[in-house]
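What follows draws every value from the coordinates through simple rules; no lab data is involved. Owing to the predicted nature of the structure, the values given are computational and were not obtained by experimental measurement. So basically every Cβ, Gly included, is an ideal-geometry build from the backbone, and we count neighbours across all protein chains shown.
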Amino acid sequence: MSRHCVVQKYGGSSVASAELISRVAKRIAATRRERDRVVVVVSAMGDSTDELLALAQKVNPAAPSREMDQLLATGETTTAPLMAMALERLGVRAISLTGLQAGIRTSSTHRSARIVDIVPQRIIDELEAGRVVVVAGFQGATEDLDITTLGRGGSDTTAVALAVELEAERCEIYTDVAGVYTADPRVEPRARPIPEIAYAEMLEFAAVGAKVMHPRAVEIGETYEMPIVVRSTFGDGPGTLICKHPAMEDRQKIRGIAHDSGVAKVILTRVPDRPGIAATVFGAIGAAGINVDIIVQNVSHDGLTDLSFTIAEEDLARARPVLDEVARKVGATEIVADTAIATVSVVGTAFLGTPGMFARIFRALSARQINVEQITTSQIHVTVVIARDRVAEAVQALHAEFELEQD
Ligand code: ADP
Ligand code: ASP
Ligand code: MG
């Protein structure tokens, strides 16, 4: 039996019902027969985080974020004891811990807190006593013991951070697909599973919308070189290994296509074109804890210009009062918010010094009459803003253009 610890994380759809929790418990029991130390991180059951969000929205659309976190954390707090009970029923000794009990200390930025420290003594004691430790994902606590959450998809981050702290052999992310694919397999059925991918590429892929992994989890994995495996909960495939040096033959120049339909475009129209305006606008939005993505400032006419940028759609309600205030301050004529948009990104190192790549992207999209509204690039990705109802077509067009299909 291996003394080495393994951390396994099971996502929401893997624990969506009592039956599924019992099935996952069997898988954990099998792991426990082979290993001394097993730590399990669980997400909220099914769509329960979305349901809690909808409930809060009805009670107070501008709910204080501290209360939101207190509420959202209950999703994971529910799954963990159920999983421990299911394990006990199989004769596997287990104990559930909340993020607070597991010693997960975070910053105080509610809704997107960062793990600052883990005090793992309780977990270590329970492992020493022979128990499987089931930790509620996505949550932690501040110094003042206020409950925080780590951002949507944050259970991945709990798992990788615990794996690092416990010096686990690896961190296994169990989900409803067989690994990381060249595109979301629900949108592009011809997408191909990627056997191995480098942290840096996975980070970029996750950051532009491949939501199979939380970007922060990949970042922690990269910093501490923790091997991460993404696999199916109910299959036996090898899945995807996220590591530092993927095997040579798997290093393709274009990694994949990601999309994000959860974005909104904000346009401040007819803003005076003078120094300091952008600093005022983005300073205020940043101070409100809202992340801005693609910024475009149009050529000015008569000293006036349109300033547009994208933010997460779920931040729009929170951004409104800040934007109203900013618009007044800088003398913008109007604020327009457009949620009928999405981003599609091509990710891969091929962009380094290959100018023809851009032309291929635009040709593939224009051949299908898909209009590109905005563009942004980095060393290893190109992102275009398009109409939301054309997303699937755009993903498929680019996937075909870069020959990423299954052979
Ligand atoms: P979990 O609840 O297990 O955390 P998520 O819904 O967060 O699962 O992530 C898994 C989903 O990510 C898949 O069902 C798939 O639709 C989506 N996805 C998006 N891009 C990719 C990709 N490149 N590879 C695999 N899955 C992807
Ligand atoms: N339950 C949280 C969410 O839906 C965290 C997670 O699933 O990772 O975002
Ligand atoms: Mg997830």
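Scaled against the 2.2 N^0.38 Å expected of a compact globular protein of N residues, the Cα radius of gyration of region 71-165 reads 1.04. Dividing the summed -39500 (n - 2.57) terms of all DSSP H runs of n ≥ 4 by the residue count of the chain sets its mean residue ellipticity at 222 nm at -11000 deg cm²/dmol.
For the chain, a Gaussian network of Cα nodes joined below 10 Å ranks Gly91, Gly130, Gly239 by mean-square fluctuation, and the top entry is Gly91. Which value results when the Cα radius of gyration for the chain is divided by 2.2 N^0.38 Å? Compactness ratio reported: 1.04.
Quarter the surface of the alpha carbon convex hull of region 89-225 and you get the mean projected area, 9.6 square nanometres. Per residue, the convex hull spanned by the Cα atoms of region 29-123 amounts to 107 cubic angstrom. P(r) tail for region 291-407: Cα pairs beyond 25 Å make up 35% of the total.
Spin-label pair Ala340-Asp324: with each label point 7 Å from Cα along the Cα-Cβ axis, the two points sit 2.5 nm from one another.
Listed by Cβ neighbour count within 10 Å, with the fewest neighbours leading, His214, His301, His4 appear as His301, His4, His214. Note on the chain: antiparallel DSSP beta bridges, both residues inside, total approximately 60 percent of the bridges counted.
A simple rule links phi to the HN-Hα coupling: the Karplus curve 6.51 cos²θ - 1.76 cosθ + 1.60 with θ = phi - 60°, which for region 126-136 gives 5, 5, 4, 7, x, 9, 7, 9, 9, 9, 5 Hz, with x for Gly and Pro. Across Leu97, Leu304, Leu82, mean-square fluctuation computed from a Gaussian network of the chain (C-alpha pairs under 10 Å connected) peaks at Leu304.
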